[in-house]
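Here the structure comes first, spelled out in structure tokens, and everything after it is commentary.
Values quoted throughout were computed directly from the atomic coordinates according to the rules given, and no laboratory measurement underlies them. If you're wondering where the values come from, they're calculated on a predicted model, not measured in any experiment. As a convention, Cβ positions derive from the backbone with ideal geometry for all residues, glycine included, and neighbour counts pool all protein chains shown.
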Amino acid sequence: MKTIEAAVIVPIVLLIFGVLLHILFYWHDKNILLSTAHETAALGSSESEPAELELEYYFFDRMEGKLLLFDRVECVVHIEEDQVTVQWDGSKGKMVAEGEYSISRTCTEAYIREIRKLEKIGEGIVKKD
């Protein structure tokens, strides 16, 4: 009687273990792709004249060798006047993950210059009074 029970229980336990392992690999790869998209968008938003192709190369370079499950990954970068958007999708067979990350473009140098100009103007007004 114990042999029959083990013959039923062991395959079920192994099946559950295999499914959980696939789910963990899926979450791992999805998080790698999400963080890589975030890094790529952040890099593109801080550059003054980013090139879409350079950012796509950066995306693939950053995720190289880190994925455990997905064997096909695609990335498209869109650069608009005020934001950078990174769209990605990865798949293996019928398992598919896709996402998008957008971030506003910043002009920190121009912003700092404007603040300094305003401070100088403010100092000039205060000194005259």
Unit charges on C-beta of K, R, D, E only; dipole of the chain, Debye: 560 debye
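Dividing the Cα radius of gyration by the Kirkwood radius, what Rg/Rh value follows for the chain?
Details: Rg = 25.0 Å, Rh = 18.3 Å.
So for the chain, dividing Rg by the Kirkwood Rh gives 1.36.
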Among I79, I32, I115: highest mean-square fluctuation, GNM of the chain, C-alpha pairs under 10 Å: I115
What whole number of Å gives the distance from the Cα centroid of the stretch 13-47 to the Cα centroid of the stretch 54-124? 17 Å
Within the stretch 38-97, GluC sites (Glu not before Pro) in DSSP loop having at most 15 other beta-carbon neighbours inside 10 Å: E47, E64, E80, E81
With point charges of +1 on the Cβ of Lys and Arg and -1 on the Cβ of Asp and Glu, referenced to the Cα centre of the chain, which listed residue (S102, Q83, H28) lies farthest in the positive direction of the dipole? H28
Helix 2-46 axis, angle to the chain major axis (alpha carbon atoms, nearest 10°): 10 degrees
Which of the trypsin sites (Lys or Arg not before Pro) across the stretch 39-72 are loop residues per DSSP, with 16 or fewer other Cβ within 10 Å? K66
Enumerate lysine pairs in the chain that are 8 or more residues apart or on different chains, then count those whose Cα atoms are under 26 Å apart. 8
